[in-house]
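**Student:** Questions regarding the structure given below will be posed in turn.
The values are calculated or read from the model by the stated rules, or taken from the named source; none is laboratory data. The structure displayed is predicted, hence computed values, not measured ones. Note that each Cβ is placed from the backbone with ideal geometry, even for glycine, and that neighbours are counted across all protein chains shown. The protein model used for the area step is the full one, side chains on, heavy atoms only, and it has no ligands, DNA or RNA in it. Shrake-Rupley method; radii C 1.70, N 1.55, O 1.52, S 1.80 Å.
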Amino acid sequence: MPRFRVLAINIALCSTLIACQSINTDKLAHQSSSDINDEQNLSDKVVGADQLTEFGPDKHCSIEEFSTDGFELTGTTDLWERIRKGFELHEVNHPRVETYLEWYIKHPKYLQRVGERGSAYLHHITSRLEEENLPLELALLPIVESAFDPFAYSHGRAAGIWQFIPGTGKAYGLDQNWWYDGRRDIVASTEAAIRYLKYLNKFFDGNWLHALAAYNSGEGTVKRSKRKNHRAGKPTDYWSLRLPKETAAYVPQLLALSKIVADPDKYGVTLYPIENKPVFEVVKVGTQIDLSQAADLAGISIDRLYKLNPGYNRWATTPNGNNQLVIPIEKVDIFTERLSQLSPQERIGWERYKIVSGDSLIKIAKKFNTDVSTLKSVNNIRNNTIRAGDALMIPVAKQPLNQYTHSQAQRTTRKQSSSPSNKSQKVIYTVKAGDSFWTIAKRYGVKVRTLASWNAMAPTDPLQINQKLVVWTHAKVSNSNSNLAFNHNSDTIRKIHYRVRKGDSLARIAQKFNLTVQKIKSWNQVAHNKYLQPGDKLTLFVNVTNLQ
């Protein structure tokens, strides 16, 4: 996923590692059981259970279950054949590639899942890459980035199938506001990804492996590693560079995927069938329109409309009057005909609201699920001053808000309602002044990334006073001052897979986790005279309330 910064004179790409690079074992609790097993098996094989590579199905912090109902295509023309004919990268036989190749072969259901997800988008991506004369291996990059989930959101604040972080997205023209996030827009984010990849390829003098590594970790990281090798008289090819583990795994994943797509029969893999024809068309719709009404005009479900237009955060398109919608190609004619018969006033619902004492624009906007700028624009308000007794015209959703299935609010609600285990107890915590993810996570004995993921957020996302957060815990809780407080008399036992580090001993590990050496030995059948070696794995059952 791209990383970016802006300099005063020119745009340059930053070298900072992208935060959305690795996951930990607690994040796996939010995936389906088959996906957990798939990801765990590969991760253990490559980098170990305590430092998993962010890889595999539904890998990101707030990825939802994704279905492509309504996207099934029939016919004999094969998009995969078109993609493989556009491959340009040299086939690489390297142990790292073979590791991922072996994993993919052993997990055909994963390839079916991501193929099904990508079937709605791959034709458009392939066509645009061809038009830009780019290698069609790049069409597979969203599999590595997001498993083709347009609602993917990582702990590093990266979003969409191409996983742009906020700064990079803005620099490449992806608008992000209350109503809309261009990083999730399939068409807009694909254009941004193409521009960024072309820049990186040029930056590294046409070396695609270096460019792809930089897409993951920033070109500064790759450039410094090349410089270091050059000074030491070592080769500077991708395979010789010392890169972060996530980046070292990133390119091999893509190359392994391309091997399978190039010759699925050789590896005994059946790819999800995708017909080689356009799936959708972009329709300019102009002024703001309620998404439920747009779905009705097109004769499709609101669920399908959102999956084709995942950039829209709320119940309608943006109020700026320059909107477009992605519509199934077979529905374009009927949609445009019906749309032409609507006046701008009929495109959304309206409510007349009488201002009462104590009201503010922020309070009213929150009540009606809109934003302050829209209220001011619709009612010709120049400042933030309003008077009790005056009336406002407010744009409102035509359907109950829970009908807007993939709005930001509904995605968050589903995420917060998803228990990581049958034994977990749901706690509703109200954010107060001075709180942070770190302080709340410490209070409940959970990890910061886990807490953020439970709430469809990233650890660096800002918290608002009185915001409601969900915490899943095995401990008993009691209500105190509108916050459910942690009961420190209750044991919360967590199973931890600990990787032995240099300098560790049983005594040191026992002290670190407030355990006894004897317990660690019994859990792991450690012989009395056995010395621990760096890299050894231990299973620990830790009472998190006793940790300092």
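**Student:** What is the number of the single condition among (1) within 19 Å of ASN276 (Cβ to Cβ); (2) of a type in the set (A, V, I, L, M); (3) surrounded by fewer than 24 Cβ atoms within 10 Å (Cβ to Cβ) that ILE125 does not meet?
**Tutor:** Going through (1) within 19 Å of ASN276 (Cβ to Cβ); (2) of a type in the set (A, V, I, L, M); (3) surrounded by fewer than 24 Cβ atoms within 10 Å (Cβ to Cβ) one by one, ILE125 breaks only (3).
**Student:** The conditions are (1) at pLDDT below 70; (2) open to solvent by 100 Å² or more (accessible area, probe 1.4 Å), and ARG508 fails exactly one of them. Which is it?
**Tutor:** Answer for ARG508: the failing condition is (1).
**Student:** When you scan segment 297-399 for strands (runs of 3 or more DSSP E) that lie fully inside it, which ones turn up with 2 or more residues that are of a type in the set (A, V, I, L, M)?
**Tutor:** 323-328, 391-396
**Student:** Which residues, counting only those in segment 315-334, are open to solvent by 90 Å² or more (accessible area, probe 1.4 Å) and more than 19 Å from VAL372 (Cβ to Cβ)?
**Tutor:** ASN322, GLU330, ASP333
**Student:** Still on this structure: How do the pairs read when you match residues in segment 172-185 that are open to solvent by 30 Å² or more (accessible area, probe 1.4 Å) with residues anywhere that are part of a loop (DSSP other than H, G, I, E, B), using Cβ under 7 Å and keeping only pairs 6 or more apart or on different chains?
**Tutor:** Partner pairs satisfying both residue conditions: ASP175/GLY182; GLN176/GLY182; GLN176/ARG183; TRP178/ASN313; TRP178/ASP371; TYR180/GLY311; TYR180/ASN313; TYR180/THR318.
**Student:** Same structure, new question: Quick test of your reading of the structure: ILE428 fulfils all but one of (1) aliphatic (A, V, I, L, M); (2) within 31 Å of the chain's Cα centre (by Cα); (3) under 30 Å from GLY299 (Cα atoms). Name the failing condition by number.
**Tutor:** (3)
**Student:** Which is of a type in the set (S, T, N, Q), within 27 Å of the chain's Cα centre (by Cα), at pLDDT below 85 and crowded, with 18+ Cβ neighbours inside 10 Å, of THR450, THR473?
**Tutor:** THR473
**Student:** Give me the pairs, please: first residue somewhere in segment 205-226 and over 16 Å from GLY156 (Cβ atoms), second residue anywhere and open to solvent by 10 Å² or more (accessible area, probe 1.4 Å) and of a type in the set (Ser, Thr, Tyr), beta-carbon distance under 6 Å, and either six or more positions apart or on two chains.
**Tutor:** GLY220/SER15; LYS226/THR236
**Student:** Then there's this: Identify the residue in segment 259-291 that is out of contact with any strand residue (DSSP E or B) (no Cβ under 9 Å at 6 or more places or on another chain) and not in a loop (DSSP other than H, G, I, E, B) and, among all such residues, is farthest from TYR100 (Cα to Cα).
**Tutor:** Here the residue is ALA262.
**Student:** Let me ask you something else. Among GLU351, GLU337, which is the only one that is open to solvent by 60 Å² or more (accessible area, probe 1.4 Å) and at pLDDT 90 or above?
**Tutor:** Of the residues listed, the single one that is open to solvent by 60 Å² or more (accessible area, probe 1.4 Å) and at pLDDT 90 or above is GLU337.
**Student:** Which residues, taken from segment 255-274, are within 27 Å of the chain's Cα centre (by Cα) and closer than 21 Å to ILE125 by Cα?
**Tutor:** Across segment 255-274, the qualifying residues are LEU255, ALA256, LEU257, SER258, LYS259, ILE260, VAL261, LEU271, TYR272, PRO273, ILE274.
**Student:** While we're looking at this one, here's another question. Across segment 155-189, what is the total count of residues that are in a helix (DSSP H, G or I) and not small (Gly, Ala, Ser)?
**Tutor:** Here the count works out to 5.
This table checks each residue for (1) aliphatic (A, V, I, L, M); (2) under 22 Å from ILE327 (Cα atoms); (3) at pLDDT 95 or above.
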| residue | (1), (2), (3) |
| --- | --- |
| TRP179 | no, yes, no |
| ILE186 | yes, yes, yes |
| ASN216 | no, no, no |
| GLU219 | no, no, no |
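**Student:** Identify the residue in segment 400-424 that is assigned to a loop (DSSP other than H, G, I, E, B) and open to solvent by 40 Å² or more (accessible area, probe 1.4 Å) and, among all such residues, is modelled with the lowest pLDDT.
**Tutor:** Here the residue is ASN422.
**Student:** Out of (1) charged (D, E, K, R); (2) surrounded by fewer than 22 Cβ atoms within 10 Å (Cβ to Cβ); (3) within 22 Å of the chain's Cα centre (by Cα); (4) modelled with pLDDT under 95, the odd one out for ARG195 is which?
**Tutor:** Condition (4) is where ARG195 drops out.
**Student:** Within segment 428-439, is there a residue that is open to solvent by less than 40 Å² (accessible area, probe 1.4 Å), touching a Ser or Thr at 6+ places or on another chain (Cβ under 7 Å) and part of a strand (DSSP E or B)?
**Tutor:** Scanning segment 428-439, I find at least one residue that is open to solvent by less than 40 Å² (accessible area, probe 1.4 Å), touching a Ser or Thr at 6+ places or on another chain (Cβ under 7 Å) and part of a strand (DSSP E or B), so the answer is yes.
**Student:** So how many residues does segment 285-303 have that are among the charged types (D, E, K, R) and surrounded by fewer than 21 Cβ atoms within 10 Å (Cβ to Cβ)?
**Tutor:** Summing the residues that are among the charged types (D, E, K, R) and surrounded by fewer than 21 Cβ atoms within 10 Å (Cβ to Cβ) in segment 285-303 gives 2.
**Student:** Note down all Cβ pairs under 6 Å where the first residue falls in segment 127-141 and is in contact (Cβ under 8 Å) with a residue 40 or more places away in the chain and of a type in the set (Lys, Arg), the second is in a helix (DSSP H, G or I) and surrounded by fewer than 22 Cβ atoms within 10 Å (Cβ to Cβ), and they're at least six residues apart or on different chains.
**Tutor:** Listed pairs, sorted by first residue: ARG128/THR190.
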